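Enquirer: Structure below; questions to follow.
The values are calculated or read from the model by the stated rules, or taken from the named source; none is laboratory data. Bear in mind that the values here come from a model prediction, so they are computed numbers and not experimental data. Because the Cβ atoms are built from the backbone with ideal geometry, glycine has one as well, and the counts that use them run over all protein chains shown. What goes into the accessible areas is simple: the full protein's heavy atoms, side chains included, and nothing from ligands, DNA or RNA. Shrake-Rupley method; radii C 1.70, N 1.55, O 1.52, S 1.80 Å.
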Amino acid sequence: GMGERAMAVMTKSAQTKKPFFIQMSYHALHYPQNAPPELVAKYQKLNPRGNEKEIGRAAMAEALDQGVGQLLEKIEALGIADNTYVIYLSDNGSSTRQTLRGGKGGVWEGGVRVPLIIKGPGIAPNSWNHQRVVGYDFYPTFCELAGVQKELPDTIEGGSITHLFRGEDKPVTRPRKELIFHFPHYQGDTPHSSLLLEDWNIMHFYETGETHLFNLGNDIAERNDLAGKQTEITRRLEEKLFA
């Protein structure tokens, strides 16, 4: 239903030659029991030892992929691919804990590092970029792509990432160089925050008072805590985080 409504909006916008913005917040993988029966049968055959939830999730993942594919095909059919950007990303990580540490409900790399795929004019097929991007970069990015002339409020925390679309490999310009993630909840971990600056990630847990420091440049799995060794860096980044 979501896909059908989105394609109707695109069709009407193309006919009236008006720009459009659509956000598709799929919830497919949260309900594996809703997977199409034919896809469930496919994955039962592929994974006969899998449990019902695993099989349903695999089937829903393919159903999600089919839904995204329908949208891309519609964009091509309407002839608007040369001025339409499609951004695909997850709202949280989902680590297997065999590679990245943590997952949903935390600000370890396994929780905040997510898939991000962008298709559109000026973006070379099969190109990659490893600059750090965050969700609130999209607002100034969309404003630039849409040709907004009015100056954006100085309270905007993000920066435009359009230079990355062109293949440039330089950091996104934001009011602050560091990125901050705050998770004051009890879902996986107790309340904690992190600050990322260059290759460093410092994390502070409020109930225990513990601070951890990791160098993501050579320890993306966050296994080697350097807080006790890099005391000056820990102190400097901790001050930034608390500020």
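Enquirer: Measure nothing fancy, just the Cα-based angle from helix 52-77's long axis to the longest principal axis of the chain, in degrees from 0 to 90, nearest 10.
Expert: Once rounded, the angle reads 60 degrees.
Enquirer: When the Cα atoms of segment 165-243 are enclosed in a convex hull and the volume is divided per residue, what value in Å³ results?
Expert: Working: hull volume 10.7 nm³, N = 79.
Each residue corresponds to 135 Å³ of Cα convex hull volume.
Enquirer: So I have (i) 46, 42, 28; (ii) 60, 56, 30; (iii) 73, 40, 33, and one of them is Cα extents along the principal axes in Å calculated from this model. Which one is it?
Expert: (ii)
Enquirer: If you don't mind, another one. Could you compute how much accessible surface M24 exposes when probed at 1.4 Å, giving the result in Å² to the nearest 10?
Expert: M24 has an accessible surface of roughly 50 Å² with all protein chains in place.
Enquirer: In degrees from 0 to 90, rounded to the nearest 10, what is the angle of the helix 2-16 Cα long axis to the longest principal axis of the chain?
Expert: Helix 2-16 and the main axis of the chain meet at about 70 degrees.
Enquirer: Ok, one more. Which residues' amide hydrogens lie under 5 Å from the amide hydrogen of W108, considering only partners 5 or more residues apart or on another chain, with H built in the peptide plane?
Expert: Amide H to amide H, under 5 Å and 5 or more residues apart or across chains, W108 pairs with G103.
Enquirer: 222 nm [θ] for the chain, helices only, -39500 (n - 2.57) per DSSP H run of 4+, per residue, to 500?
Expert: Working: 7 runs with 79 residues, N = 243.
Calculated mean residue ellipticity at 222 nm is -10000 deg cm²/dmol.
Enquirer: Additional query: Mind listing the phi-derived Karplus ³J(HN,Hα) values for segment 233-241, rounded to whole Hz, using 6.51, -1.76 and 1.60 with θ = phi - 60°, and x for any glycine or proline?
Expert: Once θ is set to phi - 60°, the couplings for segment 233-241 become 5, 4, 4, 5, 6, 5, 4, 5, 4 Hz.
Enquirer: I would also like to ask the following. Separation of segment 8-41 and segment 110-181 by C-alpha centroid, Å?
Expert: Here the answer is 24 Å between Cα centres.
Enquirer: Next up: Only Lys, Arg, Asp and Glu count, each charged at its Cβ (+1, +1, -1, -1), so figure out the dipole size of the chain about its Cα centre, rounded to 20 debye.
Expert: Details: 27 positive and 30 negative charges, 107 e Å.
In total the dipole reaches around 520 debye.
Enquirer: In Å², and per residue, what accessible area does segment 26-96 have when probed at 1.4 Å with the other protein chains present? Before the final figure, lay out the partial values.
Expert: Working: 4890 Å² over 71 residues.
Heavy-atom SASA per residue in segment 26-96 reads 69 Å².
Enquirer: In nm, give the distance between the simple-model label positions of I180 and Q70, each being 7 Å from the Cα along the Cα-to-Cβ direction.
Expert: Label-label distance for I180 and Q70, simple model: 4.2 nm.
Enquirer: Rounded, prolate or oblate, given the Cα gyration tensor of segment 20-164, with a/c below 1.5 counting as rounded?
Expert: Verdict is oblate for segment 20-164.
Enquirer: What does the C-alpha gyration tensor say about the overall shape of segment 1-68? Classify as rounded when a/c is under 1.5, otherwise prolate if a/b is larger than b/c, or oblate.
Expert: prolate
Enquirer: Percent of accessible area on the chain owned by carbon and sulfur, 1.4 Å probe?
Expert: Looking at the chain in its full context, I get 52 percent from C and S.
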